[in-house]
Every structure is written in C-alpha cells, then in structure tokens.
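Student: Shown below is the structure under consideration.
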Amino acid sequence: MVTIEEATISEIQQAFAENKLTSRQLVDFYLTRIEGLNPVLRGVVEVNPDARDLADEADRERASNRGRLGELHGIPVLLKDTIGTKDKLNTTAGSHALLGSAVGRDAGVVERLRKAGAVVLGKASMSEWYRIRSLDGVPNGWCARTGQGVNPYVPSQTPCGSSSGSAISVAANMVAVSLGTETHSSIICPSDHNSVVGLKPTVGLTSRAGVIPCAPRWDTIGPIGRTVADAVCVLDVIAGFDPRDDEATREVCKFIPDGGYKQFLNQEGLKGKRLGVVRSPFVDNLHDSLTAKTFEDHLNSLRERGAIVVDNLHIANIDKILNPAHSGELMVMVADFKTSINAYLKELINSPVRSLSDIIAFNENNPELEKLAEYGQQTFIEAEGTSGIGEKEREALEMMEKLSKEGFEKIMKENELDAMVTPGSRASPIFAIGGYPAITVPAGYDTDGMPFGICFGGLRGTEPKLIEIAYGFEKATNVRRPPFSMLSEFVKKVSL
C-alpha cells in the first residue's frame, strides 16, 4: 500500500521502482484531487487533456527500461499560467485576453522538465498579470479565469501571490511539485502563506525564455514543493544555460556546482553556518505574537544544530528598500513591463492581443468578464504611458544597486554571513532588487491555523549554502502538516 498524499519525489520514485505505483495511478490520484478540491480552492486554471497519455508513456518507458530515466520521470508538475507550453494548454497569465493564443515552442524550463521525464499536469492559477494590471486593485490570488484562489489552511486569509495556485496546489496535494515565478515576493510569499517550500533562484539561474514577462531584469523561475528535497530536485532539472535567455543564464550558470544541488541536502548543513538576524523591522513588528515566539524558538534550534546566529544587525536604508515606490523598483517595473510584454506578444504564433494597448482595450470591451469595475487596470494604463527605460529609470536602477551594495551586501560581507534569516516574507524586496536567491520553509501556524515560514536569503549564486541551511532547519523542526482540517469534508485519504 502506497499513501500518495504528502509523498515525496524520492518516495514516489521508490514506489515506481518496486512496481507499487504507476505514473498513471499517480496522475489519476491528482486529477481526482483537483476535481474534488479545485472548485473550492481554485488553484488550477486547467488540466492537461494529455496528462494520462503522458503518464502511460512514462510507464511504458519504465517497463521497457529504455535508457536512463530522467530525475522527474513520471512525476506530475503544475506550471504557473505564465510558463509557455507547446501543447493543448493555454498560457494566459490568468486573463481571458490570451485565451487561444499559441506559443512557438515550450518555455526553456519546460523543455528541461520534459527531458527529465516530468508529466505536465496543467496550469496553476495566479494573481492575474502578476497584479501589474492594477497593483492597488487586483487581489492576491485572483484571476479572471478561475476567480479568487483560496488558502487551504485558513480560507478567510490570503493565499498571497502571484504564484498563488502553484503553492495552493502543492499544499493541498493536488500535485507533487510546481513551478512559480518571482519578480517581487511571488514565490516566497505564497509558499510562506500555504506552508510549502518555495525556492527563488538567483536571477538568471533558470531560463525565462517562453515565460510571460513582468520585469525581466528581476524575473526568475523557481520550484515549489512540500519538502526542501523536492524543491531541490526540480531546481537541479531546470537550472542552466539557455541560448534563448543567453545573457542572463550565461552569466549565472557559472554558479551551478558540479554534481548539481542535491549534494547539499545535508542534515548537518547548519554546522558552522553564520546566520544574520535583522530585527528591525522584520522581527520587532511581530511584537509578542506566536510567530515572534516561534521564531525565537527556531533561532535556538539553529544554534543547537551548530549555526552561529549573528543578532541585531541593521540594513542601511531598509525602509526605502522595502517600499517599491521609494526605491524606484515600481517605476522600473512598470516601464519594463510595457516593453517586455509587447515583445512577448509579437512573438506568439497567434494571439487575440498583440500589445499592452490591445490588452487594455480587451478589458474595456469585456468589463464583466475581467471584473474591470471592481479591480480596474490603472497600472496597465500607467505602463502604457511609459517609453521604456529612460533617464529616470536608469537613475532608479543605479540607486537600487547602491542600496543593495550598501545594505544587504554590506551586512553579509562584513559579518561573513552565509544567509540572512527572517520570519515571513517581508524581506522579499531586498532579494528582488538585487536578484538574490532565497528559500522559505514551513515554520509554524498561528493561533487561527494560518501558516508562516522562515526565510533564508543570500548573495547571488549561494544556493548551495541556502539549501544546506534550509534542509538542516527542516530536519531539525519538521513543522509542516497538511491542511486536513479544512479539506477533510471534501476528500478522504486515498491509498493505493
């Protein structure tokens, strides 16, 4: 008997090897979960009509032992609805405007997933257009195609975004692992809020080719899983050079270690690691909450496992860094979006819209479908009024580079830190403007059952250290629990 719920990739592969489970049975299990739960959680935009056929093919390959099987052979994966697939699935950023559009080929990360044997199960829901349609209007986790995504732990609380569906679906066992994208907190925040592991890679470590852009200088593609090991298994597959994203991936692929990232899944990985704690504002603002108490307990656990906690550090200009309007991040993002989305749309094989102005017009012509009156499209309109990266934007970029060097990089280098550790996801702007990596791991549940995570962030290319730290923390605490209290009325445990 194999219990699929909460099963890791390693456990699934072992079950495959022992002929206790097939990829078809696994896909059927997840499709049944989606059928039962998605009407409530709205974490999946659409399922791949060919998913069962792909699973059958994976089973035939395994049975015939045709060559070396890939790392994710037969494993179902959901993709955020901005990651292009050359199949029967749509790629729409959650909007009706792109329904029926066709990409020329798979996104770079999808090519790598297919080569590794993964089964593309479908597309995950998201905050429509990364919320850049209307940053003050579009709710986290809402898109026109699915409606409001629901946190499986506390339905009244936000699932966060923009990779909301990718996190919801993994948390609720509607898929084994998923891919999300992050520009500004979009992997870290939903993973934190839905009690899963989210890994935001160094910008350029994974290809953005074939992915609907937000702000390419900061966009990155990363895995979401229920364990650190599962997220790392996916990272090993999707990281690497892509000639279609030449400049970014060529520069960063030098950081990829020989032998990949799984070698850093070290239970003793915390020993000797220097971890920095910036209390203001990340800890001080929690006051006397359960989250604050739990965070202090976790710091003690880190110390007990051999980590050196360097406390009471300060990042220069932190208030400015954390406010995208003040740092210049928002201004650059809005200008970048217009240029990059127009370029993306022009490359599609066919599409109902070919420019940002077309999308704005589509929304105006379909106000009920896109809930225009409720959520607006003010940021779209602002973006349309820009002319790309000009003098003001270049000045903002120079300022953000200075803020990063004199802030995060300075405390990391002066204190010889391996990572900065913070509760929750509020440190995400630091990692955004510097293109730095981060990983969040489930850390606890508030009095109402709402999950929260602990986030480890580092300098560019330091994924090996972050993985050791995150894995060591996970093994020391073993916090995550599935959201059965909320889901029990919809589904029972299924075993094969």
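Student: Given the options Lys293, Lys346, Lys271, name the one that is open to solvent by 20 Å² or more (accessible area, probe 1.4 Å), out of contact with any Cys (no Cβ under 8 Å at 6 or more places or on another chain), within 27 Å of Ala239 (Cα to Cα) and free of Cβ contacts under 8 Å to residues at least 12 places away in the same chain. Steps first, please.
Tutor: Working: Lys293 fails: within 27 Å of Ala239 (Cα to Cα); Lys271 fails: free of Cβ contacts under 8 Å to residues at least 12 places away in the same chain.
Lys346 is the lone residue from the list that is open to solvent by 20 Å² or more (accessible area, probe 1.4 Å), out of contact with any Cys (no Cβ under 8 Å at 6 or more places or on another chain), within 27 Å of Ala239 (Cα to Cα) and free of Cβ contacts under 8 Å to residues at least 12 places away in the same chain.
Student: I'm told Trp129 meets every condition in (1) assigned to a helix (DSSP H, G or I); (2) at negative phi except one. Can you identify the failing condition by its number?
Tutor: (2)
Student: Can you find a residue in segment 296-315 that is aliphatic (A, V, I, L, M), surrounded by fewer than 19 Cβ atoms within 10 Å (Cβ to Cβ) and assigned to a loop (DSSP other than H, G, I, E, B)?
Tutor: Yes, some residue in segment 296-315 is aliphatic (A, V, I, L, M), surrounded by fewer than 19 Cβ atoms within 10 Å (Cβ to Cβ) and assigned to a loop (DSSP other than H, G, I, E, B).
Student: Before we move on, is Ser191 modelled with pLDDT of 95 or more, open to solvent by less than 10 Å² (accessible area, probe 1.4 Å) and out of contact with any Pro (no Cβ under 6 Å at 6 or more places or on another chain)? Don't jump to the end; show me each part of the working.
Tutor: Numbers: modelled with pLDDT of 95 or more: yes; open to solvent by less than 10 Å² (accessible area, probe 1.4 Å): yes; out of contact with any Pro (no Cβ under 6 Å at 6 or more places or on another chain): yes.
Yes, satisfied.
Student: Here's another thing I want to ask about it. Would you mind telling me which numbered condition in (1) over 18 Å from Cys214 (Cβ atoms); (2) surrounded by 20 or more Cβ atoms within 10 Å (Cβ to Cβ) Ile341 fails?
Tutor: Evaluating Ile341 over (1) over 18 Å from Cys214 (Cβ atoms); (2) surrounded by 20 or more Cβ atoms within 10 Å (Cβ to Cβ) leaves (1) as the failure.
Student: To continue, here is another question. Every residue in segment 98-157 that is more than 24 Å from Ile360 (Cα to Cα), surrounded by 24 or more Cβ atoms within 10 Å (Cβ to Cβ) and not small (Gly, Ala, Ser), please.
Tutor: Val109, Val110, Leu113, Val119, Leu121, Asn151, Pro152, Tyr153
Student: Going by the conditions given, is Glu57 open to solvent by less than 70 Å² (accessible area, probe 1.4 Å), in contact (Cβ under 8 Å) with a residue 24 or more places away in the chain and farther than 19 Å from Asp236 by Cβ? Let's see the steps before the verdict.
Tutor: On the way: open to solvent by less than 70 Å² (accessible area, probe 1.4 Å): yes; in contact (Cβ under 8 Å) with a residue 24 or more places away in the chain: no; farther than 19 Å from Asp236 by Cβ: yes.
Spelling it out, it is not the case that Glu57 is open to solvent by less than 70 Å² (accessible area, probe 1.4 Å), in contact (Cβ under 8 Å) with a residue 24 or more places away in the chain and farther than 19 Å from Asp236 by Cβ.
Quick grid of which residues meet (1) surrounded by fewer than 21 Cβ atoms within 10 Å (Cβ to Cβ); (2) farther than 17 Å from Gly225 by Cα; (3) free of Cβ contacts under 8 Å to residues at least 12 places away in the same chain:
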{"site": "Lys20", "(1), (2), (3)": "yes, yes, no"}
{"site": "Val27", "(1), (2), (3)": "no, no, no"}
{"site": "Gly36", "(1), (2), (3)": "yes, yes, no"}
{"site": "Val47", "(1), (2), (3)": "no, yes, no"}
{"site": "Glu61", "(1), (2), (3)": "yes, yes, no"}
{"site": "Leu69", "(1), (2), (3)": "yes, yes, no"}
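Student: Moving on to the next point. Mind checking whether some residue in segment 107-114 is more than 19 Å from the chain's Cα centre (by Cα) and either under 17 Å from Val44 (Cα atoms) or of a type in the set (A, V, I, L, M, F, W, C) (or both)?
Tutor: The answer is no, given that none of the residues of segment 107-114 is more than 19 Å from the chain's Cα centre (by Cα) and either under 17 Å from Val44 (Cα atoms) or of a type in the set (A, V, I, L, M, F, W, C) (or both).
Student: Could you pull out the residue among Glu374, Glu370 that is surrounded by fewer than 16 Cβ atoms within 10 Å (Cβ to Cβ) and modelled with pLDDT of 95 or more?
Tutor: Working: Glu370 fails: surrounded by fewer than 16 Cβ atoms within 10 Å (Cβ to Cβ).
It is Glu374.
Student: Out of Glu409, Glu364, which single residue is among the charged types (D, E, K, R), free of Cβ contacts under 8 Å to residues at least 60 places away in the same chain and more than 27 Å from Gly328 (Cα to Cα)?
Tutor: On the way: Glu409 fails: more than 27 Å from Gly328 (Cα to Cα).
Answer to the selection: Glu364.
Student: List the residue pairs whose Cβ atoms are under 6 Å apart, where the first residue sits in segment 373-397 and is closer than 19 Å to Arg133 by Cα, the second is assigned to a helix (DSSP H, G or I) and open to solvent by 60 Å² or more (accessible area, probe 1.4 Å), and the two are 6 or more positions apart or on different chains.
Tutor: Pairs that qualify, where the first residue is closer than 19 Å to Arg133 by Cα and the partner is assigned to a helix (DSSP H, G or I) and open to solvent by 60 Å² or more (accessible area, probe 1.4 Å), are Gly388/Thr339.
Student: Considering only residues that are surrounded by fewer than 24 Cβ atoms within 10 Å (Cβ to Cβ) and farther than 30 Å from Val252 by Cα, which ones fall in segment 432-451?
Tutor: Looking only at segment 432-451, we keep the residues that are surrounded by fewer than 24 Cβ atoms within 10 Å (Cβ to Cβ), and these are 434-435, 444-450.
Passing the criteria: Gly444, Tyr445, Asp446, Thr447, Asp448, Gly449, Met450.
Student: On to the next question. Among the residues of segment 234-268, what is the count of those that are under 14 Å from Arg208 (Cα atoms), open to solvent by 20 Å² or more (accessible area, probe 1.4 Å) and among the β-branched types (Val, Ile, Thr)?
Tutor: Of the residues in that region, 0 qualify.
Student: To continue, here is another question. Check Ile360, Ile381, Ile411 and return the single one that is in contact with an Asp or Glu (Cβ under 9 Å, 6 or more places away or on another chain), open to solvent by 10 Å² or more (accessible area, probe 1.4 Å), assigned to a helix (DSSP H, G or I) and not polar (S, T, N, Q).
Tutor: Numbers: Ile381 fails: in contact with an Asp or Glu (Cβ under 9 Å, 6 or more places away or on another chain); Ile411 fails: in contact with an Asp or Glu (Cβ under 9 Å, 6 or more places away or on another chain).
Exactly one of Ile360, Ile381, Ile411 is in contact with an Asp or Glu (Cβ under 9 Å, 6 or more places away or on another chain), open to solvent by 10 Å² or more (accessible area, probe 1.4 Å), assigned to a helix (DSSP H, G or I) and not polar (S, T, N, Q), namely Ile360.
The values are calculated or read from the model by the stated rules, or taken from the named source; none is laboratory data. What you are looking at is a predicted structure, and each value in this text was computed from that prediction instead of being measured. Please note: Cβ atoms are built from the backbone with ideal geometry, for glycine as well, and neighbour counts cover all protein chains shown. When the accessible area is computed, the model is the full protein with side chains, heavy atoms only, and any ligands, DNA or RNA have been set aside. Shrake-Rupley method; radii C 1.70, N 1.55, O 1.52, S 1.80 Å.
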